[in-house]
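The values are calculated or read from the model by the stated rules, or taken from the named source; none is laboratory data. Nothing here was measured: the structure is a model prediction, and the numbers come from that model. To get the accessible areas, we keep the full protein, side chains included, count just its heavy atoms, and leave off ligands, DNA and RNA. Shrake-Rupley method; radii C 1.70, N 1.55, O 1.52, S 1.80 Å.
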Amino acid sequence: MCHPSWGPARIAAQHLHDLARLRRVRDRIDREYAQPLDVEALARGAHMSAGHLSRQFRLAYGESPYAYLMTRRIERAAALLRRGDLSVTEVCFAVGCSSLGTFSTRFTELVGVPPSVYRSDAARTTAGMPACVAKQVTRPVRNQEAPVTEPQLA
């Protein structure tokens, strides 16, 4: 909360300072997504309370720090699953998730299929596609769940 005697210039400077701290938090998540990160640890690193960080991060980026972290982990998991040389469990732990159930649930919400199905389908879907194109085509949906498709009757 700003002090009542602060003028517009000081309020603007404080806002820019807060945005810089939020950007550092986001950059840390991007860099350290595979490490054990939680909102409390991120908040301590930014010298903010966990609640304030969560509120400000959501205002700035449209999702909570935890949702951003999980989306980043799922993006990396999708890339590892497309490679095909790791099991779903190995991928889960490689991207920093400690619960296979939570990982599978979140992956399915963001991507639209369970990680095991994604792994088996990914090789066929992206065969011959440059990695940079495959990444864009298979990118998880942000800020919403993947659309549910109706089964096709043959």
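Some observations on this one:
- Taking the convex hull of Cα positions in region 44-101, its mean projected area over all directions (nm²): 4.8
- Taking VAL117, VAL95 and ordering them by how much accessible surface each has at a 1.4 Å probe, largest first, produces VAL117, VAL95.
- The candidates ILE11, ILE29, arranged from most to least accessible area with a 1.4 Å probe in the full protein assembly, appear as ILE11, ILE29.
- log₁₀ of I(q)/I(0) at q = 0.14 Å⁻¹ - region 1-77, Debye sum with one point per alpha carbon: -0.47
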